[in-house]
Every structure is written in C-alpha cells, then in structure tokens.
C-alpha cells in the first residue's frame, strides 16, 4: 500500500510543479504578453481578451505575488483557464475538451498498440535468441526507432496519399464534407483518416519496445530461476511466459512510463503533419497565434494525461509485481 | 586474466583491472560488431561532411537564392533545387554541421549534468538524495516537448542557443536516473570497500574508482542524449521554433512543409533532409545498441552448436 | 555386491565459446556417485566446479556447451539427449538446489504455485494430491505450510533455501545436485541447513553432489571429496582421508589456509600466484607454476595416481617405474 501512496504523492507533487512552472513562465520571459497581444491585434484589444490573459497568468497588479499564485492554483483546479484568443470568445476549457478525445483516441490507442505489439515481438525475439528472427530484429528496429516521427509521417503521406491520389487521407480527422455523428459512414471515415497517423506512430515507436523487451528477456533468461525452471523440466512455453516474460515485463512497464515524454513529442509532430485536430495540433496553432492562455492550458492538460498514464503503469506494476506490494 | 569465464551476471560491471585494456578492446569490439561498424562509418561520414563541406559541393553559400526555382535533379543539381532556388544537395551538406554540433554539444552537456546529479544523489544519500531524485523524476515525467514549445514561443525568435539550452535542460534526467541506480549498486562492491578502508577520500573514490567502472553507461548516455538531440532539434526546427534562417536539416524540412513540398511534387526537398536526420540518429542508435551488447555479455549474439554424444 | 552407481561421469568436457577462442571450463572430468552418497566438490572461484555441475545436469546455456564425454544416470546416457527425452528424468531422477534462493525462485509466483507447476508437468493432475505433497515436503524441512501462499521475498534467507530443498524432494529423486546452497547464509543457518540435508538424506536415501568453496563445511558432512583446480579434478577420495593425508600439493595448500579453532597458533600460508588462463592452459600439470614441490616431471600432464588414501593427480605419487622413465 505504501507503494501506491508514494506514487500518488509523486503524482500530486509533479502536477504542482507543472502548474507552478506554468505560473512563472510568463513572468520570467522577456517581453510582456499583453503588449505582444496589442501589437498583434494592432492596438484594438478587447478588454475581455486582456482579462483572459490575466486569468490565464494569474496576473492582477492589485494582488501580491503570493495571492496571485493562490488564485491561479484555484483557477487551475476548477478548470478555469481563461478565454482562448484564437477561438475567441470560447473558453479554453471548451476547446481542450473538443481536442482531447481525438488525441486520446489516436495517440492513446496507437501508443498502447505499439507497446503491446513491441512487447510480444520482443519476447519472441529474446526467446528465440540466435535464430533468424533474432538476427534481423535488432538492426532493423534500432534503425526504425531512430527515425524522426514527423518525417515518417511525411513519407507515408508521400507514398500512400499523394502517390495514390488520396487513397488514404492525410488531412484532419474526418472529411469536412461529412457530418459527424454515430453513423457507420462517419465511423469508417474517421478510421480512414486515422490509418496513416496511427501507422506513423506504430512504425516509429514499436522498435523501442521490441528492443527493450528483448534485452530484458535476455537478461532474465540468464537468471537462475529460469535455469531452475529448465531443471524442473517445465515446457518451453511455460518458461517463456510465466518465468521469463512475466519478469521481463516489469522493467518494460517502468520504461514505458519514463518514455512517455518522448511519445508526446512524437504525437504532437504527427498531429501537426496530418492536421489532426488533437491537443498537439492545437498547441502548435496556439503558438503560431500567440494564444498564451490556450498554450499554457494545453501544456497542463498534456502533463495531466502523461501523469495519469504513469499512474496507470504504477497500478499495473503493483498488480503484477508482488514485491511492489510489500515494498516498505 | 583470471580463469573466471562463467558469463558475468547481467548488470554486473567489469572489475577495474580491465579499464586499462579498454582503449584497444574498444576498437576491436567495434570492428567485431557489425552494428557498431555501420554506426561508426555513418558517424565518420557525417563528421567529414560537417568539417569540410566545401569539398563536396561547388556551392559556396547554400542558403542563397542563387538558382532556378524548383528545378528537377540534374548534373548541376543532383537533388534539384528548392522553391527558393537553393541547391538541395548543398543545403544537406552544409546543414550537417549544425545537426552534428547540436547532437554532440547537447549529448555532452546533458551527460555531464546527469553524471553530476546521478552520482551525487547516490553518494550523498539521505535528504539530498531524496531531493535530487524527486527533481530528476519530475523532469523525467513532465512532458518536456510541450514545455519547450511554450518556452520557445515566449522567448521569441528562434535561436540555436535556446534550442541547445532547452534540449540540455530536458534531456539530462533519464541518464541521471540510470547513473544513480548503477552508482548505488556499485557503492557496496568490494573494490570500493578496499578504497574506503585504505582511507581514500570520497571524491577520490568517485573520480578514480567509480567513474571508470561506469564509463560504458556514461558513454551510452552520451549516445542516447545525442540521438535525443538530433531528433528533437529537428522536430523543433520543423515546427519553426529554431532559427529559421539558419542552415540545418530541420529548417529545410520546415521550409519544405510551409511550401507544401509534398503536394507540389517536390518530394526530394522533403525526403532527403529527413533521411539525413534519420541516418545520423540511426548511427547513434546503432552505436548505443552495439555498446550495450559489448558491455553486457548476456546480450551478445550466439551461435548454437549441438552437443556431441560420445561413448567412452 | 556393491550397488550400481547412480551417476557415472567419464571425460566430461565443457567448453565456452568466446570471441578470443574456446576455453575448456571442465577438462576431462570423471566421477562415480553411489546411491545415498554425499560427494563434496571443492575448489576456488573459477575452477569449473559449478560449470561441471550444470554440465552433468544438462543445464548449460550458450556460450557454454558439453563438448565431449559421457554422463550416465542410472545407466542412461544424458549427453546428447533431446530436451523431450531429458524431461522425464528432470526432477524425478535428478533435482537441483541453487546458490541463492532469492534468484532461483521465480519472484512473481507463490511458493505453492512453483511446487505445483513441476508436479503438473510430470503428470500430476489432481490439485488435492499436489497440495498434500507440497505440504508434506514443507513439513519435512520444517516450514509452516501456510507459506505455500507466500512469495519468495516474504521468506527469510534460511527459509528460502529450505523451501528450495523441499521443492527438490518433491519426487524423492535419486540424486540432488546442490550448487553452493549455503553461501548466502550466515554460519548458524549454514550448519542447521547442512544438518537438515543430512537428516533428509538418511530418511529418504538420495545421493548428493554438493559444490562449495567452503572446505570446513564440506569436511564435516561429505562422504567423499573431490578437489578441482583449473578445470580438472586433482584429488578424489574419502573425506576423512583426504583431510588427514592430502595427496596433492594444492589440497595441502587449501588445508594450510584454514586455521584450526583449537590447537596451537600457526602462521597461515596462502597459495601464491593465480589460476591459469583457461583459454591457453599450461601444457603440463596446471598447478605446477604455483607448486612448492614442482620438479622436472611436472612438464607432463599428470593422471590420477593412487596414493593409498585417495587418488591425486600429482607426479609425486607416480609409481617408481614411471618416474624412472624421465
């Protein structure tokens, strides 16, 4: 139990750190967002827009820094991130709520798929060490794991979209002409649009999982308890799954949690390349439009998503590793 | 060399006596491992291109809008020209320098920081360790790419120094965690005990006993950091947060994307810089993977002859 | 009429394939084990004793492999057998106890589950029978049966080792192979474990092949002793006799290195030098470079000679005829 409370504590601590960083960024950066706004809108700045900035940054010259911080924390906790400057006058939270499902759906599913596929392939590669499979797997996937996400996306677009004259779409989450709804036609459309972006994520990230799982397997296979399992005459399958893979999986989960930052980076770029309306795409647009409230809120949102994923990994580890349950 | 030939337990590092043979052994190890060879060759090729780009292309200033727009590949322009009239091949060659320099600088600085923090955390222990570890974990978990994006947006015009800075600040944490773990496991090994018993100071122990044993991990960290830098810098430049007027592969991709190169049939403008990023990244990744194999006997490739049944 | 040996090893050779060539970690090892015997194998780190053990049990993994020799278990040749053929002998005939139970027991499975899987693999389907047998063996080693539901990390070191021994006895095998099972324990737990093993041996009648670097431990409990050096057996004999009259200078050196608890104070002498490089071993006697009694004949590799008390691979015991030939 202490393990879980410890991890929850870390969750809260990190979240607080992210929020605090968010609070201080505008104060530490050169220039003043308000004047940048003014310059951008050629002096015609809506008082509501200024207020939006104030809420987003917690800027209020009447209050001390400390009380500004407190009200900023309060705003964050209640989901009040101000008004978006790009989608004025819609509040930031509404915008985020629209983009979130697309990101979770595409990136979330693709990443989990890549992890699962990578783990399975890595297990087999590690088990069949010295075989044909194993001599091809490492070099190929070492290379694929070094490919830049966005470039792979662009190559896929080149070969499957441009060269095939639009067989697989490369723009957005669904066709602008179709009507969103719970219809089969719409569903198919969404899936069609998701194929290339998802493939991009799969191709680039699966390599990393395969390699780490394979290495973990090899390390575990050299352990005494695997030799014991052989000495007991257990079947290969049983040894592979219950003795080797079960143990090799644990550090892989931890590795997954640690690499989420990188996954996010790739996801943002993939959304950008495919104009996929998720959180990442929104973030980059916000940057181009100098929409500070939206940018900062997105950063927080993405951080929360990552922290939740890490927490899920922690729970999984707790479930799978009896040592974590009794950790003091 | 002693007669201990049982494959060492994975994760067990070599005893210090070996470090003297490292120099020789390293070169031989690279030559023996195919992945390392490929990675090393790629790296050498890129280094040469970065050092003396002018030997490989007649173009002097790759950024100048000197030639015809969107020309297809020809003898004069082996990869064609961009929408601004720049020779693509020349851009690739001159752009090598920035990408390589960023990779090496970020890799080096990030490794230095992770060594400092990771090893100090392991040795100081207690409260200091708790604080350093918490900081490391926070940096590790918080998705730094969005943070970089936000910071870069505030910092105004893209600037390579800023890019390097944020990459270092966001890239050290993974290495620090690994190094701390290894330093902790080494803490109680016998050769360190003997150094302590001899009366050596902690700083001596850290510098001359611990660090040499950790060189393989530190090297791996450097390579990992360089890989991270290459890919992330390219990504940042691609979305326009680097110095858009500078000459690098990421910036090429940025301009290609903003000119809809894919859709307008200028595929080479898009494909080639990305390919270079991929190759440079792959060289670091291959070397990293190969060193993993070299330093951990459990991971080495094996051949499997069958046992012969003999009658005596 | 003497019983047939449970285990007959002839000329066992194990090679490691390294980048720098093949090294013989075990070079021509011979041994017979009679039913119910306790045979101890001693030697310094790297002499090949653990490798020999795993070679006998057919548990080597690449890059190690059995490159020659024969291992007969109850008359059946094990070398070259396929895994399927070996499976029926594994655990029923020969079981294994390893050095550190923390590493030898699967950390993510309960103890009971680890007993159960080996019984299932050997055809025991009834959960009731499995449970009963598991409880029975735990009681044999003095562990509360509630621990069938425990995970390895929840038990103390001594308990874990005893649990491993219990597991090894599930099918009352003919031979139990033990690789330094006491090294991870404190002296008190060591002695108690050894006494337990001897008691079980008396009750159930299995033979033990026990590898250790601890001379004093093995001297009290083994019937026969094998001393290994640099991949070869250099002395074999009844334990008492080897201790009282060591035939090989290396064995003598080992005895001298251990102080006696009682008796007069003596200066401890170690054995200077270090073991040879097995990638390129010396052509003659492998101990010669460090041997205080080296003489000209030692350039020829010795075979095991009778010394009256034991067999020793030392030319000092060569029959006069052979010595005269040089």
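The values are calculated or read from the model by the stated rules, or taken from the named source; none is laboratory data. Please read all numbers here as calculations on a predicted model, not as lab measurements. All Cβ positions, even for glycine, are placed from backbone atoms using ideal geometry, and neighbour counts span all protein chains on display.
Here is the figure for the stretch A:265-299: residues that are assigned to a loop (DSSP other than H, G, I, E, B) and either in contact with a helix residue (DSSP H, G or I) (Cβ under 6 Å, 6 or more places away or on another chain) or within 9 Å of chain B (Cβ to nearest Cβ) (or both) total 4. If you go through the stretch B:25-49 and keep only what is more than 14 Å from chain A (Cβ to nearest Cβ), buried (at least 16 other Cβ atoms within 10 Å of the Cβ) and at pLDDT below 80, you end up with B:26, B:29, B:30.
Considering the stretch B:62-172, the qualifying helices (runs of 4 or more DSSP H), each wholly inside and each with 2 or more residues that are in contact (Cβ under 8 Å) with a residue 60 or more places away in the chain and farther than 27 Å from residue A:299 by Cβ, run over B:88-124. Going by the structure shown, is residue A:247 within 14 Å of chain C (Cβ to nearest Cβ), crowded, with 23+ Cβ neighbours inside 10 Å and either under 30 Å from residue C:173 (Cα atoms) or modelled with pLDDT under 85 (or both)? Answer is yes for this residue. A count restricted to the stretch C:98-130 and to residues that are in a loop (DSSP other than H, G, I, E, B) and either crowded, with 17+ Cβ neighbours inside 10 Å or at the interface with chain A (Cβ under 9 Å from one of its Cβ atoms) (or both) stands at 10.
Among the residues of the stretch C:73-85, those identified as more than 7 Å from every other protein chain (Cβ to nearest Cβ) and crowded, with 19+ Cβ neighbours inside 10 Å are C:73, C:78. Search the stretch B:237-269 for residues being surrounded by fewer than 23 Cβ atoms within 10 Å (Cβ to Cβ) and in a helix (DSSP H, G or I), and hand back the single one that is farthest from the other protein chains (Cβ to nearest Cβ). Among residues in the stretch B:237-269 that are surrounded by fewer than 23 Cβ atoms within 10 Å (Cβ to Cβ) and in a helix (DSSP H, G or I), the one farthest from the other protein chains (Cβ to nearest Cβ) is B:255.
Considering the stretch A:109-144 alone, what residues qualify as being crowded, with 17+ Cβ neighbours inside 10 Å and closer than 21 Å to residue A:198 by Cβ? Listed by number, the residues that qualify are A:110, A:111, A:114, A:115, A:118, A:119, A:121, A:122, A:141, A:143, A:144. Within the stretch A:174-192, is there a residue that is surrounded by fewer than 16 Cβ atoms within 10 Å (Cβ to Cβ), part of a helix (DSSP H, G or I), without any contact (Cβ under 8 Å) to a residue 60 or more places away in the chain and within 12 Å of chain B (Cβ to nearest Cβ)? Looking through the stretch A:174-192, none of the residues is surrounded by fewer than 16 Cβ atoms within 10 Å (Cβ to Cβ), part of a helix (DSSP H, G or I), without any contact (Cβ under 8 Å) to a residue 60 or more places away in the chain and within 12 Å of chain B (Cβ to nearest Cβ).
Criterion applied to A:276, A:292 was being buried (at least 21 other Cβ atoms within 10 Å of the Cβ) and either under 30 Å from residue B:274 (Cβ atoms) or at pLDDT 85 or above (or both), and the one residue passing it is A:276.
Across the stretch A:215-226, a minimum of one residue is classified as away from chain B (no Cβ under 12 Å), crowded, with 22+ Cβ neighbours inside 10 Å, touching a helix residue (DSSP H, G or I) at 6+ places or on another chain (Cβ under 8 Å) and farther than 27 Å from residue B:275 by Cα.
Scanning the stretch C:12-29 for any residue that is modelled with pLDDT of 85 or more, out of contact with any helix residue (DSSP H, G or I) (no Cβ under 7 Å at 6 or more places or on another chain) and closer than 20 Å to residue C:239 by Cα turns up nothing. Among the numbered conditions (1) at pLDDT 85 or above; (2) part of a helix (DSSP H, G or I); (3) surrounded by fewer than 22 Cβ atoms within 10 Å (Cβ to Cβ), the only one that residue A:302 does not meet is (3).
When the stretch A:108-135 is limited to residues that are out of contact with any helix residue (DSSP H, G or I) (no Cβ under 9 Å at 6 or more places or on another chain) and within 14 Å of another protein chain (Cβ to nearest Cβ), the one that is farthest from residue B:33 (Cα to Cα) turns out to be A:132. Looking at residue A:136, is it farther than 30 Å from residue A:20 by Cβ, over 24 Å from the mean Cα position of the chain (by Cα) and at pLDDT 85 or above? For residue A:136, the condition - farther than 30 Å from residue A:20 by Cβ, over 24 Å from the mean Cα position of the chain (by Cα) and at pLDDT 85 or above - is not met.
If the condition is being under 26 Å from residue C:215 (Cα atoms), touching a strand residue (DSSP E or B) at 6+ places or on another chain (Cβ under 6 Å) and either in a loop (DSSP other than H, G, I, E, B) or more than 10 Å from chain B (Cβ to nearest Cβ) (or both), then the stretch C:49-66 contributes C:49, C:52, C:53, C:56, C:57.
Counted as qualifying within the stretch C:207-322 are the helices (runs of 4 or more DSSP H) with 1 or more residues that are touching a residue at least 60 places away in the same chain (Cβ under 8 Å) and surrounded by fewer than 15 Cβ atoms within 10 Å (Cβ to Cβ), namely C:239-244.
Looking across the stretch A:315-328, the residues that are part of a helix (DSSP H, G or I) and either modelled with pLDDT under 85 or within 14 Å of chain C (Cβ to nearest Cβ) (or both) come down to A:316, A:317, A:318, A:319, A:320, A:322, A:323, A:324, A:325.
A single entry from C:143, C:94 fulfils the requirement of being more than 14 Å from every other protein chain (Cβ to nearest Cβ) and surrounded by 20 or more Cβ atoms within 10 Å (Cβ to Cβ): C:143.
Restricting attention to the stretch A:145-169 and to residues that are in a helix (DSSP H, G or I) and surrounded by 23 or more Cβ atoms within 10 Å (Cβ to Cβ), the residue that is nearest to the other protein chains (Cβ to nearest Cβ) turns out to be A:151. As an exercise: evaluate residue B:281 against (1) assigned to a loop (DSSP other than H, G, I, E, B); (2) within 19 Å of residue B:93 (Cα to Cα) and give the number of the one condition it does not meet. For residue B:281, the exception is condition (1). Go through the stretch C:1-42 and give me each residue that's assigned to a loop (DSSP other than H, G, I, E, B), under 18 Å from residue C:311 (Cβ atoms) and within 13 Å of chain B (Cβ to nearest Cβ). The answer is none; no residue qualifies. For the stretch A:269-292, residues that are in contact (Cβ under 8 Å) with a residue 60 or more places away in the chain and over 15 Å from the mean Cα position of the chain (by Cα) total 9. Residue B:276 fulfils the conditions (1) crowded, with 18+ Cβ neighbours inside 10 Å; (2) free of Cβ contacts under 8 Å to residues at least 40 places away in the same chain except for a single criterion, (2). Taken over the stretch A:251-264, the criterion of being facing another protein chain (nearest Cβ under 8 Å) and surrounded by 19 or more Cβ atoms within 10 Å (Cβ to Cβ) is satisfied by A:257, A:260, A:261, A:262, A:264.
One residue alone among C:282, C:301, C:289, C:275 is at pLDDT 80 or above and within 21 Å of residue C:242 (Cβ to Cβ), and that residue is C:275.
Among the candidates C:69, C:46, the residue that is part of a strand (DSSP E or B) and under 22 Å from residue C:304 (Cα atoms) is uniquely C:69.
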